[in-house]
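Scroll down for the structure; my scribbles are underneath it.
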Amino acid sequence: MNPRPVQAPRAYRALGAPGGSARLIACALAGALAFAGLSEVAVGQDAAKDAGKAEPNLEGAWSGGGKVTFAMTGSSESARCRAHYRRRTKDTYSVQATCATASGKAAQTATVHKIGEGRYRGNFHNAEYDISGTMFVVVNGNSQSVRLTSSSGSASLKLSR
């Protein structure tokens, strides 16, 4: 029998949670949803060009990855994520996402609201680690850039259908 206490993975400890185990920033800050590296939508696009475009649609399953950065240490890890968006109103979606890093796996929920053409903003929450923050999404066809930020860290992700 090993007399040493079990320790949380390095990334969890680095975040300095009480009791020796630390909080992982919802791996996604699901990414951290990250979700700095957010691509910007071009401003002043030709109206005729936009007229033929279909409204971006978040609904459905998305997957991909990116990077999670921990605020306390500045260290980062690669993350793989799956997200499912469900339309709630014309301009609002609920999100359920699960992300995994070398340190562990975490699930988070979010609600995002349309703030511009193909651009959404909202709040995410990870109940397991009690971490909440802001989520930004930019949709471009069948891909999206996601940036999540919280006091625990950030995540920058690229997801596709």
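What's the ranking of 98-106, 123-131 by average number of surrounding C-beta atoms within 10 Å, highest first?
Going by the mean number of other Cβ atoms within 10 Å, highest first, we get 98-106, 123-131.
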Original post:
Can you give the net charge of the other residues whose Cβ lies under 11 Å from the Cβ of residue 115, counting K and R as +1 and D and E as -1?
Top reply: +1
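We did not get these values from a lab; they are worked out from the coordinates using the rules stated. Since the model is a prediction, treat every value here as computed from it, not as a measurement. Cβ sites come from the backbone with ideal geometry, for glycine too, and all protein chains shown count toward neighbours.
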